[in-house]
1. Pairs, please: C-beta under 9 Å, at least 6 apart or cross-chain, first residue closer than 18 Å to A94 by Cα and in the stretch 307-329, second polar (S, T, N, Q) and at pLDDT 80 or above?
2. Looking at the stretch 140-168, which of its residues are surrounded by fewer than 16 Cβ atoms within 10 Å (Cβ to Cβ) and assigned to a loop (DSSP other than H, G, I, E, B)?
3. Exactly one of these conditions fails for F65: (1) surrounded by 24 or more Cβ atoms within 10 Å (Cβ to Cβ); (2) closer than 20 Å to L188 by Cβ. Give me its number.
4. Can you name the condition, by its number, that Y175 falls short on among (1) under 30 Å from A68 (Cβ atoms); (2) in contact with a Ser or Thr (Cβ under 9 Å, 6 or more places away or on another chain)?
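The values are calculated or read from the model by the stated rules, or taken from the named source; none is laboratory data. Just so it is clear, the structure is predicted and the values come from calculations on it, not from any experiment. Cβ atoms come from the backbone with ideal geometry, glycine included; neighbour counts cover every protein chain shown.
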Amino acid sequence: MGAYPRRVMLSARFQRTLFSSLFVLAVTASAHAQSAPSTAPAAALITEGRALLSQGQAQEALARFSRAYELGRFATARAHMGVAEGALGHPVEAERFLREALEAPTDALMQPAWVERFRENLRVAQRSVGQFTARGNVDGARVFLNGREVGVLPFAAPIRVRAETVRMRVTAEGYYPLERDVIIGGELAITTENIELNRTASEPARATSNASGNSNGLPRMDDGGERTVVRPVVAPVVTSAAPTVVIVHRDSGDARVQPAGPSGALVGAAVATGILGVLGIGAGAVGTGVADYNNREILAADCARRPGVVECTTARQNAALAEGFQIGGFVAGGVFAAASITLSVAAARSAPSRASGARSWVCTPGAAGVTCAGRF
């Protein structure tokens, strides 16, 4: 009888523990149910986006897929965002979204038939995406591609950019900026640029003058008179071992260098237009190759019977862009080449002839060599 009250006490403690555990489990389940994302709204948005994408409305479809992704970070919505970006001609974003979606765990919205389709879209996007990195002699220099800043030197890792010819500009304080065209290859190939920047002058050069020199810092020649310069003869003559003596007469007036005229500027312009002509023809050749490649892709995919396929839309856009590069490159190259030839001819005609009275030399052979006298 003495053990009975103790048995009742243990039973009451067990009941309190059981009720507490059930209450905690109920609260936890309720919180999880409230935090778990609902798939129904996201599935509806994905269905709407797929319908819009099949109608060629890629921008509206992208908006639907983005809203679906925001509801629960669904990998399926992310993959559809990549497909829409590819249809809009944005291969870098398409490659990133599709890669992230395929690397993430499969969610409840993913259909088995979609997985292989997304992988094919990823392969198509990667053909138009390259990787760019740069290194150089100035840490912290800013690197721009087509006017957009993409990083500073040195790059920690390559960045993904569209496969095309881009204009690279590198700037740093205290250095002259550097600009040049860079060709980015596709298939995730890495393009590495080595950059050498030159320092700007700390201060402009100043002309100095003193009692023994002119304003350019050069030694001043005595006015008038004659001076004797002993130089070896650069000519085969019958002579003894004695050197040739050359008598040089200098005008008493201040001799000045005659300007070279406009020929120097014309030569520079001819060289510059010639380089532009070569670049234009090169761009046209690259455009021809890219256009041919995309046209082959269109034929291989049988796009005539499948107009709504994403690959066909992307290939048509790439082919049209490449044909624009092709026509523009060849036309610009031809114009610049013709301009270079015209400027070269003009430079040759405008080159000044040496004045007959600027220098006058008379050389007379003698028994000990050749004696040359002249004025300069």
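1. The qualifying pairs are G308/S54; G308/Q55; V310/N121; E311/N121; T314/S128; N318/S128.
2. Result: G140, N146, G147, P154, A156, A157.
3. Tallying (1) surrounded by 24 or more Cβ atoms within 10 Å (Cβ to Cβ); (2) closer than 20 Å to L188 by Cβ, F65 fails exactly one: (2).
4. (1)
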